[in-house]
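What follows is a short report on a single structure.
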Amino acid sequence: MLDKVILIVSFMICVALFLNLWRLLIGPSVSDRILALDTLYINSIALILLYGIYSGGNLYFEAALLIAMLGFVSTSALCKYILRGDIIE
């Protein structure tokens, strides 16, 4: 039963990933694109975690943590660049 639920949720997260990619490419403003990129990171983390639960491997949880840290840093850097025009002061 859990395997079927994980597959259904994985399909739903894949749909959300494609919708985020669409918003990233066609977004009307830069802030919408940054928000879509941040949501893309979150959905990819959820997909990796679901695959880790499905396969039972511990390596996927560490990969999800690494992607979460990189996603936070990149979103912060992009926001700072948009606000100030320079990342390093």
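The values are calculated or read from the model by the stated rules, or taken from the named source; none is laboratory data. Since the model is a prediction, treat every value here as computed from it, not as a measurement. Neighbour counts run over all protein chains shown; Cβ positions are idealised from the backbone, glycine included.
Could you tell me how many of the residues in segment 32-89 are more than 23 Å from Val9 (Cβ to Cβ) and either surrounded by 12 or more Cβ atoms within 10 Å (Cβ to Cβ) or not basic (Lys, Arg) (or both)?
Step one: of segment 32-89, the residues more than 23 Å from Val9 (Cβ to Cβ) are 32-34, 69-70, 72-89.
After this cut, where a residue has to be either surrounded by 12 or more Cβ atoms within 10 Å (Cβ to Cβ) or not basic (Lys, Arg) (or both) as well, the list is 32-34, 69-70, 72-83, 85-89.
Matching residues across segment 32-89 total 22.
Would you call Tyr81 under 22 Å from Ile34 (Cβ atoms), assigned to a helix (DSSP H, G or I) and aromatic (Phe, Trp, Tyr)? Walk me through how you get there before you give the answer.
Working: under 22 Å from Ile34 (Cβ atoms): yes; assigned to a helix (DSSP H, G or I): yes; aromatic (Phe, Trp, Tyr): yes.
It is true that Tyr81 is under 22 Å from Ile34 (Cβ atoms), assigned to a helix (DSSP H, G or I) and aromatic (Phe, Trp, Tyr).
Taking only segment 1-41 into account, find how many residues are touching a helix residue (DSSP H, G or I) at 6+ places or on another chain (Cβ under 8 Å) and either touching a residue at least 60 places away in the same chain (Cβ under 8 Å) or of a type in the set (D, E, K, R) (or both).
The number of residues fulfilling the criteria is 5.
Every residue, every condition in (1) part of a helix (DSSP H, G or I); (2) out of contact with any Leu (no Cβ under 6 Å at 6 or more places or on another chain); (3) of a type in the set (Val, Ile, Thr), yes or no:
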{"residue": "Val15", "(1), (2), (3)": "yes, yes, yes"}
{"residue": "Phe18", "(1), (2), (3)": "yes, yes, no"}
{"residue": "Pro28", "(1), (2), (3)": "no, yes, no"}
{"residue": "Thr39", "(1), (2), (3)": "yes, yes, yes"}
{"residue": "Asn43", "(1), (2), (3)": "yes, no, no"}
{"residue": "Tyr54", "(1), (2), (3)": "yes, yes, no"}
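So, Ile6, is that one within 20 Å of Gly71 (Cα to Cα) and either part of a helix (DSSP H, G or I) or at pLDDT 95 or above (or both) or not? Steps first, answer last, please.
Values: within 20 Å of Gly71 (Cα to Cα): no; either part of a helix (DSSP H, G or I) or at pLDDT 95 or above (or both): yes.
Criteria not met by Ile6.
Counting only residues that are of a type outside the set (Asp, Glu) and under 16 Å from the mean Cα position of the chain (by Cα), how many does segment 53-70 have?
Residues of segment 53-70 of a type outside the set (Asp, Glu): 53-61, 63-70.
Filter once more, keeping what is under 16 Å from the mean Cα position of the chain (by Cα): 60-61, 63-70.
Matching residues across segment 53-70 total 10.
Could you tell me which residue of segment 45-62 is farthest from Leu78 (Cα to Cα), considering only residues that are touching a helix residue (DSSP H, G or I) at 6+ places or on another chain (Cβ under 6 Å) and free of Cβ contacts under 8 Å to residues at least 40 places away in the same chain?
Residue satisfying both the conditions and the ranking: Gly52.
Collect the residues in segment 49-87 that are of a type in the set (Gly, Ala, Ser) and touching a Phe, Trp or Tyr at 6+ places or on another chain (Cβ under 6 Å), keeping them in residue-number order. Please lay out each step first, then the result.
Of segment 49-87, the ones of a type in the set (Gly, Ala, Ser) are 52, 55-57, 63-64, 68, 71, 74, 76-77, 85.
Passing the criteria: Gly52, Gly71.
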